[in-house]
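The values are calculated or read from the model by the stated rules, or taken from the named source; none is laboratory data. Here the structure is a predicted model, which means the values were calculated and not measured. All Cβ positions, glycine included, derive from the backbone under ideal geometry; neighbour counts span all protein chains shown. We work out accessible area using only protein heavy atoms, side chains counted, and drop any ligands, DNA or RNA first. Shrake-Rupley method; radii C 1.70, N 1.55, O 1.52, S 1.80 Å.
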Amino acid sequence: MKKFKNAEYLISLFLSILASLIIGAFIMLANGRNPVTGYVALINGAFGSKYNIATTFAKTVPLVLTGLATSISFRSGISNIGGEGQLYLGAFGAALIGITFVNLPGIVGIPLALAASLIAGGLYALFPAILKVRYNIDEVIVTIMLNTVAVLLTSYLVNYPFASEIGKMGGTEIIAEGYQLSRLVRLSTLNTSIFYVAVISIIMYYLLERTSIGYEIKMVGQNSNFSRYGGINVKRRMIFAMVVSGALCGIAGAFEVLGVHYRFLQHISPGYAWDGMLIALIVKNNPIGVVLMSIFFGALKTGSISMENATGIPSELISVIQSIIILFIAGESGFKTKIKSFLANRRAIKKAGEKNA
Amino acid sequence: MAEKLIELKEITKQFPGVLANDRVSLDIEKGEIHAIIGENGAGKSTLMKILYGLYQPTSGEIYFKGKPVSIKTPLDAIKLGIGMVHQHFMLVPSFTVAENIVLGVEPRKNRFMMDYRKAVSITEELSKTYGLKVDPNAKVESLSVGIQQRIEILKVLNKGADIIILDEPTAVLTPQETEELFKVIRKLVEELGKTVIIITHKLQEVLALSDRVSVMRQGRLVGTLKTKDATEQILAEMMVGREVLFEELNRIEVPREEVLTVKGIKARDNRGLMALKGVSFSLYSGEILGIAGVEGNGQSELVEVLTGLRQAEEGSVMIKGVEATNKEPMEIRNLGVSHIPEDRLATGLSKKATITENMILGYHNREPYATKGIHMNKKPIRERVSRLIKEFDVRTPSQDVTADKLSGGNMQKMVIAREFSFDSSILIVAQPTRGVDIGAIEFIHKEIIKKRNEGAAILLVSADLDEIFRLSDRIITIYEGEITGEFKRREISKKEIGLYMTGKRKGMRQGGVQDEEI
Amino acid sequence: MKRLVALILSLTLIFAVLLTGCSNEKTPSEDGKGTKVGLVLAGGLGDRSFYDSANEGVEKAKEELGIEFKVYECRNDPSLYSDQLVQASEYADIVAVVGFEFFDIVQEIAPEFPDVYYIYVDNAIEGIDNLITISYIENEGSFLAGALAAMLTTETSIEGINEEKIIGMVGGVDLPVIRNFYVGYEAGAKYIDPEVDVRVIYAGDFEDPAKGKEAATALYSGGADIIFHAAGKTGEGVFEAAEELGKYAIGVDSDQRYINPDHIVASMIKRVGQSIYETIIKIQNNEIEKGKVIYYGLEQDGVGLGYGTDDMPQFATEEMKAKIDEIKEKIISGEIEVPTAK
């Protein structure tokens, strides 16, 4: 039955993606472009060469982390919309370690930088979580506002106290060499952070799907009355989920610093947390789904740039396609019942027809 | 013969894994009270939901006044004059009574603004016409279930329904409220020419109220007969397919020991009003203490205080000598307290979770189900759940379906299976058989007695006096947050206890305390 | 519902037809003879300012030198900087990289494509053979803008100009480059009249006219009558505010007077396009000094003040223009020292 449900969901997800790609094709046609060339360029751009594949996976790294972060928070019924802010603080924390303890070897330095980002992101999420469970202050509003605070705060820090001496670019100094995660494929920003992310994904999967903590988080999110009645410490689980969520976002920021830019930049994230949220919504907070959908989003992003450069079809089209997928998924249950009743009707009509014959 | 208003022909409804209706043919005559009875999961609700357009039949046809109709949505049903009052109410808690009644057919001042005054006058008008008293300006969330049901009925009438389907209407009502409801139903049919279909499993009600009765079992229609030809025995046999005897339950004497002491508890309800005004009693091992009272007199709040779900303002709760006032539910559970909550949907289970997930709660972090309290082991969990499903006869296609796919009785059996499987020395049981069929009631009652005979202390809260009388060793009555009487088993009659439940009499029978007549 | 399913099915069908119908089509091969230039922008076209100016430069090179070019926009998405630069490098012989944001990435990528020349605009990097950087001495140009603003702020004969000696500036983001505009602007104003109060607001964005408008409105209502913007597309909001409130603005990067000649009194021009164009010529003629920074200040005519075309109403009088020219000479000769931001 569960499998049946999953299959049903997968089918509707697949149909949603297909339908949005078709709509995308029509938008291309309406603009006088050939959708076939467009999509071929898209696929080529995402997977056409070793470099392209590497770039796709490089784009996947932050999305997996922010997607998992959203999953755990949404599962527990507390909505962390503050991923972007946690990411910025985490990134800054990692950069700060990287420019301060310059003599540490990587084996000590990298875990230290990650710990700093984890703590920064986690603490930044802890604050709204406590407001929520103690005083019932809406966490959505608080976390949204904290995003702005974090972005502006880090922007100040890197322009004044921690501004880089050269480059006039609104960033910290380059982190010490020991902290720089090595690149894996020539020209691509893909780096060893992907291995860390693989491990983190497995841990998160295990946590959410195989442990009593994950079970409690899920129950709390589904019915907090039931959970409390059943002896689960609802507040503690909500806080835990929120802090883990913030920590994951912080780590996502750290990897942007340690693996991609090698320094903190004031606009370091193009909205990774928001993309992660979309991903988690699409896959209904399933950790495996998050990983796969992140790869899909990463491929779309990488491919869309190549598509734009090769065919002139604006890469914004991909955002449109992504939005349409969300719309379809949001309307999924509605579609499902409609399709079911359609099928049921057809069967009924068929039967009636047989009777008449 | 009266006019056939609705004919259901060969209705079949297939859910994944469950055949809910199997070629059911049934007709409803104009101006009759037609009862549909059957155990939980027999397919009564499904059949009515098909008639109301909530489900589409897998096959089969519906005729209305002799013509085939297709009812795709409740809107279609309403157009035909069919209205339904659901077992689980569909009201907006934060709206007022008047707002709920006019919901969907709001009187408007202009395009955007609702005419609230008009809504109130509509409500008052309806209330007068049908003799269902309600306060149009009260918020629904602050009202008792009985009143909420009235609102549901008024809502349906306001939409102009001629055929009213009532799904388990008496499950949540006190005897007095039930009597009220029956008067209303008779008035609707006899004076206003409406047709009523009532789903129930209480045999006395069927016999007292209906003109005809259809019996369903396991998705099939067993038969339809005139009520005057039916007896309780006949119907019960048709329902369960075997003879049912409400036999005397077997009690054995077990040593009594005080395990729960409640002293001077005061607590407020959700509206902030004093719901408990100093309640004191003791509960002993090996006994069932029944709390009798009209719903809304503090029973729910009492249970919540005892289980840690509500804060007491004054007083103390001692569990086996341990101070347990205002402790978290988890701490109280750890002291050996299990709880069957009165509202299984809101508190007793998670509808979106699978049966396995629902039934493992409380064991999910214990060995061997979770190694070191963390790593959950699928195999022992599944084995435990499937054992409990079998033991407690939870009817489900698999343990992986979500709980909302179960019928009310099976949901309740699932909750009871979980709670009774803990080795708790104290069981707090609220409305254990509300909305549950006869077969399941018998089963649940036997389980409760079994626990008692094993030495558990059981606090039973029920709106069903029969249940209280059948199970309890001791009964206390509660009225407006105060205990009005305490009686030993067989010391008092149902009629007499009603006086205590309604506050007309106060005082302890025990220990020679004089009754005081008020 | 039937209709929807039918629609989707038919769409799929059409799509399939298109697939087979179009598979033979080929994109025209681009084996033109000219040099290929890739223009990589940190932001996007359409700002009528910095990036558009760069685009004009390559357009001019296309017309006059017969080069081919492609534009690679990153739309301020840092995750695309590397991708677009790599793609441009794979396509082009000369890659013009526009935006201080590329500081790290261009240093990383350039050595990987030794056959490609990189013209990096708006920053300063030395020591990479195939990388030429163009750095603008924007504080010099801004000095002139400040001087003009200070002269105009007391010209109450012009409608909308008040007596108060307050002028404003809207910066895009609080960054070293933008602060450099500000210090020049402030110094220029103080040079004319030390009592002039120069106020600045950083909008926090280069792409959001709404934020620019908000900032400008705040400055205007605080008594400023002329606002200089160094905010890319955000600056469009400054122009809107100027028009709505009947105040004045000074444009940046391109000669922006044409956008609204009644309210934009002048522009501090950063000849990004011109400098890219000139550098392309130098590369083609092999006249380039490898790995060097080329500074474009007043002396090289890389920055300056533009007054639009003659058919536009002129707010700056001939005297003022003469004064500006005088200051310009003094800066070139070193008589006036323009401060630089840290």
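Odds and ends about this structure:
- Relative contact order [Cα under 8 Å, 6+ residues apart], the stretch A:50-298, whole percent: 43
- Total buried accessible area between C and A, probe 1.4 Å, nearest 100: 3900 Å².
- Model label sites at B:ARG489 and B:MET330, defined 7 Å from Cα along the beta-carbon direction, differ in position by 3.8 nm.
- Each Cα pair under 8 Å and six or more residues apart adds its sequence gap; the mean of these over the residue count of chain B is a relative contact order of 15 percent.
- Relative contact order (%) - criterion: Cα under 8 Å, at least six apart; region: the stretch B:4-240: 27
- For the stretch A:135-262, projected area of the alpha-carbon convex hull averaged over all directions, nm²: 10.9
- Solvent-accessible surface (1.4 angstrom probe) belonging to B:HIS88, in square angstrom, nearest 10: 80
- Top positive-direction residue, dipole computed over the stretch A:207-292 with Cβ charges, set A:ILE232, A:SER212, A:GLN222: A:ILE232
- Ordered from largest to smallest accessible area (heavy atoms of protein chains, 1.4 Å probe), the residues B:TYR55, A:TYR160 come out as A:TYR160, B:TYR55.
- Using just its DSSP H runs of length 4 or more, each adding -39500 (n - 2.57), the protein assembly as shown gives a mean residue ellipticity at 222 nm of -15000 deg cm²/dmol after division by all residues.
- Accessible-area composition of chain B, carbon plus sulfur, in percent [1.4 Å probe]: 50
- The Stokes-Einstein estimate for the stretch B:316-459, based on a Kirkwood radius over Cα pairs and taken at 20 °C with 1.002 mPa s viscosity, is a diffusion coefficient of 136 µm²/s.
- Förster-model FRET efficiency, 25 Å R0, B:THR224 and B:ARG251, C-beta, rounded to 0.05: 0.05
- Antiparallel DSSP beta bridges within chain B, as percent of all bridges there, nearest 5: 55
- Per-residue SASA entry for B:LYS4, accessible area with 1.4 Å probe, Å² rounded to 10: 80
- Residue order by solvent-accessible surface for A:VAL320, C:VAL37 is A:VAL320, C:VAL37, largest first, with ligands and nucleic acids left out and a 1.4 Å probe.
- Area of C:ILE324 that stays accessible when all protein chains are in place (1.4 Å probe, Å², to 10): 0
- Antiparallel bridge percentage (DSSP; both residues within the protein assembly as shown; nearest 5): 40
- By accessible area with a 1.4 Å probe, ligands and nucleic acids excluded, highest first: order of B:MET274, A:MET277, B:MET113: B:MET113, B:MET274, A:MET277
- Positive dipole terminus of chain A, leading residue within A:GLY98, A:PHE297, A:VAL257 (C-beta point charges): A:PHE297
- Volume in Å³ per residue [convex hull over Cα atoms, computed for the stretch B:4-240]: 129
- For A:ARG236 and C:LEU45, a Förster radius of 60 Å and the Cβ-Cβ distance give a FRET efficiency of 0.70, rounded to the nearest 0.05.
- Point-to-point label distance, A:ARG186-B:THR12, nm (Cα→Cβ direction, 7 Å offset): 6.7
- Largest-first ellipsoid semi-axes for chain B, taking √(5λ) over the Cα gyration tensor eigenvalues, angstrom: 38, 28, 24
- Were the residues from C:THR309 through C:ASN286 laid out at 0.36 nm apart, the gain over their Cα-Cα distance would be 4.8 nm.
- Surface accessible to a 1.4 Å probe, per residue, for the residues of the protein assembly as shown, Å²: 42
- Other residues within the sphere of radius under 12 Å centred on the Cβ of C:ASP104, judged by their own Cβ, net out at -2 (K and R +1, D and E -1).
- Taking the convex hull of Cα positions in the stretch A:50-298, its mean projected area over all directions (nm²): 13.0
- Positive dipole terminus of the protein assembly as shown, leading residue within C:VAL71, C:ASN130, B:GLY286 (C-beta point charges): B:GLY286
- Modelled spin-label separation between B:SER398 and B:GLU232, with each label point placed 7 Å from Cα along the Cα-to-Cβ direction: 4.2 nm.
- Charged side chains reduced to their Cβ positions (Lys and Arg at +1, Asp and Glu at -1) give the stretch A:96-226 a dipole of some 180 debye around its Cα centre.
- Between helix B:175-190 and chain B: long-axis angle, C-alpha atoms, 0 to 90°, nearest 10: 0
- For the stretch B:4-240, DSSP calls about 55 percent of its internal beta bridges antiparallel.
- Chains B and A together, accessible area buried on both sides, 1.4 angstrom probe, square angstrom: 2900
- Diagonalising the gyration tensor over the Cα atoms of the protein assembly as shown and scaling each eigenvalue by 5 before taking the square root yields semi-axes of 73, 34, 31 Å, largest first.
- Histogram of C-alpha separations across the stretch A:1-152, 5 Å bin width, %: 2, 8, 10, 12, 13, 12, 13, 14, 9, 5, 2, 0
- Under the convention that each Lys and Arg Cβ holds +1 and each Asp and Glu Cβ holds -1, the size of the dipole of the protein assembly as shown around its Cα centre is about 7140 debye.
- Of all accessible heavy-atom area on the stretch A:50-298, the percent that carbon and sulfur account for (1.4 Å): 69
- 0 to 90° range, to nearest 10: angle between helix C:235-245 axis and chain C longest Cα axis: 50
- Think of each Lys and Arg Cβ as +1 and each Asp and Glu Cβ as -1; about the Cα centre, that makes the dipole of the stretch B:395-463 roughly 100 debye.
- Taking A:ASN147, A:ASN191, A:ASN34 in turn, the Gaussian network model of chain A (Cα-Cα springs below 10 Å) assigns the largest fluctuation to A:ASN34.
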